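Structure record follows, encoded as structure tokens.
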Amino acid sequence: MKLVLFLVLLFSALINLTNADKMVVAHFIVGNTYPYTVSNWEEDIQDAIAVGIDGFALNMGSDAWQVERIEDAYDAAASVSSDFKLFISFDMSIISADADFIEGVVRRFADKPNQLYYDGKVFVSTFAGETDTFGYSDVSTGWDSAVKEPLASAGYPIYFVPSWTSLGQGALEESVADGFLSWNAWPTTDADMNDNDDIGYQNLANSLGKLYVAPVSPWFYTHLSYKNWAYKSDWLIIDRWNEMLSVQPDMIEVLTWNDYGESHYIGNIQGALPAGSEGYVDGFDHTAWRYLMSPYISAYKLGLSEPYINFESLFYWYRPTPKSATATADSLSYPSGGDYMEDEIFVLVYLLQSAEVTVTCGSTTQTFSGVPGVNQFTIPMETNASPSFTVARQGGTLASGTGPEIVDSLSIYNFNAYTGVLYF
């Protein structure tokens with residue numbers, strides 16, 4: 001396993017040296033870092049670098065302590081690697097058009113050595129903010145007059161790439177925007193995700209000389225009193241990365257590193273979980289998805305149409321219960337969209353040579369013939385059974401392992417995913 005991780009890290013470093021203009025960053029929820037120390041940030045940054053991620057978009061609200069945690073993040077990045085970049089993503093669903101606060105934060109971190117600059121300007125993003133006019137007649141005039149122009153006059157010009165997804169292509173047409181980050185990373189119906197929006201956004205960005213940042217996410221499930229739904233996520237992570245290799249957007253933002261409340265985290269579970277999310281997050285490690293992405297990140301940076309496979313491994317993920325299971329002690333209702341999920345065990349295998357892959361769940365056993373490259377397999381979920389996985393070649397077992405048990409009921413609804421990986 002150490003050799004595999006070394007190869008992943010080495011290849012990612014080579015890609016970063018030769019494709020410095022093509023970045024993959026991860027969205028990082030600073031609001032979940034209250035107990036963080038510099039060492040926590042260093043761990044996350046090292047883990048991100050190991051799979052080819054180039055930086056963090058630091059999603060922040062208005063709490064004073066979040067500014068302190070961001071200070072720690074910049075200190076940690078400076079101690080780990082000068083190549084790892086950070087930038088602020090103002091969460092405008094929390095920050096109420098407070099121009100002074102936004103300006104102060106930008107100025108505080110603009111001169112940090114790991115701050116991302118683009119086109120010679122401080123890179124700044126948002127989550128939402130398309131309705132914030134700062135008292136002016138429209139959103140472009142507001143952001144320009146209240147934020148962009150004052151910062152430029154103070155010697156801190158910004159490259160402004162907001163996530164104004166509700167405006168669609170209109171976000172790119174806003175004069176104040178230098179680019180656009182889409183938040184459309186999940187299918188909202190029973191259909192699989194497609195790249196129609198990405199193609200439209202990228203083409204328009206090209207025509208306007210602006211930047212398009214495309215989103216990639218592995219999953220979505222949230223079960224809180226104020227939001228309770230699931231999006232069809234089964235093969236989403238692979239579908240989305242294949243779309244990225246086809247579209248080749250200017251930049252990619254992974255959603256997310258640590259949004260535990262929405263179950264699309266790829267970092268280690270640490271920090272402070274949103275209240276109420278513990279029941280469907282604790283015990284559901286997603287680090288396998290992080291390593292799964294590495295060949296796709298490398299291929300994206302090289303402009304390849306297929307992932308660059310330089311190590312062998314088996315990845316799997318599945319939910320803890322079938323979608324028809326009834327929660328025994330849940331104060332919330334069944335999550336909307338939960339019935340869009342498939343009751344399957346999802347298996348992705350990277351091979352350098354042909355091999356046999358055997359997957360067992362309860363009374364079902366299937367053996368698949370894997371070929372060099374990327375292989376996708378599924379078998380049905382069965383309750384009261386622990387799925388097992390074996391990879392063999394020429395009569396010898398290369399790897400084997402067993403995942404957590406699938407059960408027929410839980411105290412609360414849980415459409416989060418177990419993930420795991422076998423290296424060989």
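The values are calculated or read from the model by the stated rules, or taken from the named source; none is laboratory data. Just so it is clear, the model here is predicted, and its values are computed rather than measured. Please note: Cβ atoms are built from the backbone with ideal geometry, for glycine as well, and neighbour counts cover all protein chains shown. Surface areas here come from the heavy atoms of the whole protein model, side chains and all, with no ligands, DNA or RNA. Shrake-Rupley method; radii C 1.70, N 1.55, O 1.52, S 1.80 Å.
Below are the figures for this structure:
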item: Answer residue from the stretch 134-147, given it is in contact with a helix residue (DSSP H, G or I) (Cβ under 7 Å, 6 or more places away or on another chain) and of a type in the set (A, V, I, L, M) and is surrounded by the fewest Cβ atoms within 10 Å (Cβ to Cβ) among those; result: A146
item: Residues (in a loop (DSSP other than H, G, I, E, B) and either without any contact (Cβ under 8 Å) to a residue 24 or more places away in the chain or hydrophobic (A, V, I, L, M, F, W, C) (or both)) located in the stretch 406-424; result: V407, L410, I412, F415, A417, F424
item: Test: W183 is in a loop (DSSP other than H, G, I, E, B), open to solvent by less than 10 Å² (accessible area, probe 1.4 Å) and among the aromatic types (F, W, Y); result: no
item: Residue among T358, T365, T383 that is part of a loop (DSSP other than H, G, I, E, B) and under 18 Å from Y318 (Cβ atoms); result: T383
item: Residues satisfying the stated conditions in the stretch 39-48, i.e. open to solvent by 50 Å² or more (accessible area, probe 1.4 Å) and either polar (S, T, N, Q) or touching a residue at least 40 places away in the same chain (Cβ under 8 Å) (or both); result: S39, E43, Q46
item: Failed criterion for P150 (all others in (1) open to solvent by less than 10 Å² (accessible area, probe 1.4 Å); (2) not in a loop (DSSP other than H, G, I, E, B) hold); result: (1)
item: Pair list, Cβ < 9 Å and 6+ apart or interchain, from the stretch 168-183 residues that are in the same structural domain as N194 (by the TED database) to residues that are part of a loop (DSSP other than H, G, I, E, B) and among the aliphatic types (A, V, I, L, M); result: A171/A177; W183/A128; W183/L255
item: Looking only at the stretch 82-119, and only at residues there that are in a loop (DSSP other than H, G, I, E, B) and β-branched (V, I, T), the one that is farthest from the chain's Cα centre (by Cα); result: I95
item: Pairs with Cβ under 9 Å, 6+ apart, first in the stretch 389-403 and at negative phi, second charged (D, E, K, R) and not in a loop (DSSP other than H, G, I, E, B); result: T390/E356; V391/E356; A392/E356; R393/E356
item: Matching option when the condition is surrounded by fewer than 16 Cβ atoms within 10 Å (Cβ to Cβ) and within 28 Å of the chain's Cα centre (by Cα), among T131, T165, T126; result: T131
item: Filter pass, Y280 being part of a helix (DSSP H, G or I), modelled with pLDDT of 95 or more and in contact with a Pro (Cβ under 7 Å, 6 or more places away or on another chain); result: no
item: Extreme residue, farthest from K323 (Cα to Cα), among residues of the stretch 352-404 that are more than 30 Å from the chain's Cα centre (by Cα) and among the β-branched types (V, I, T); result: T397
item: Within the stretch 366-424, considering residues that are among the small types (G, A, S) and touching a helix residue (DSSP H, G or I) at 6+ places or on another chain (Cβ under 9 Å), the one most open to solvent (accessible area, probe 1.4 Å); result: S411
item: Residues within the stretch 300-333 that are of a type in the set (K, R) and either closer than 19 Å to L351 by Cα or surrounded by fewer than 21 Cβ atoms within 10 Å (Cβ to Cβ) (or both), tallied; result: 1
item: Residue count for the stretch 15-42, restricted to those that are under 19 Å from R240 (Cβ atoms) and at pLDDT below 95; result: 1
item: Residues (in a strand (DSSP E or B) and either acidic (D, E) or touching a helix residue (DSSP H, G or I) at 6+ places or on another chain (Cβ under 7 Å) (or both)) located in the stretch 338-349; result: E344, L348
item: Any chance F84 is among the hydrophobic types (A, V, I, L, M, F, W, C) and closer than 17 Å to E68 by Cβ; result: no
item: Residues located in the stretch 249-282, provided they are among the polar types (S, T, N, Q) and under 17 Å from the mean Cα position of the chain (by Cα); result: T256, N258, S263, N268, Q270
item: Filter result for the condition that a residue is in contact with a Phe, Trp or Tyr (Cβ under 7 Å, 6 or more places away or on another chain), over 24 Å from T287 (Cβ atoms), among the aromatic types (F, W, Y) and not assigned by the TED database to the domain that holds H286, over F368, F389, F377; result: F368
item: Any hit, the stretch 219-227, residues being part of a loop (DSSP other than H, G, I, E, B) and either under 13 Å from the mean Cα position of the chain (by Cα) or crowded, with 18+ Cβ neighbours inside 10 Å (or both); result: yes
item: Subset tally (residues that are over 30 Å from S207 (Cα atoms), in a loop (DSSP other than H, G, I, E, B) and of a type outside the set (V, I, T)) for the stretch 228-269; result: 13
item: Residue satisfying all of: in the stretch 189-218; over 23 Å from E262 (Cβ atoms) and assigned to a loop (DSSP other than H, G, I, E, B); least open to solvent (accessible area, probe 1.4 Å) among these; result: K210
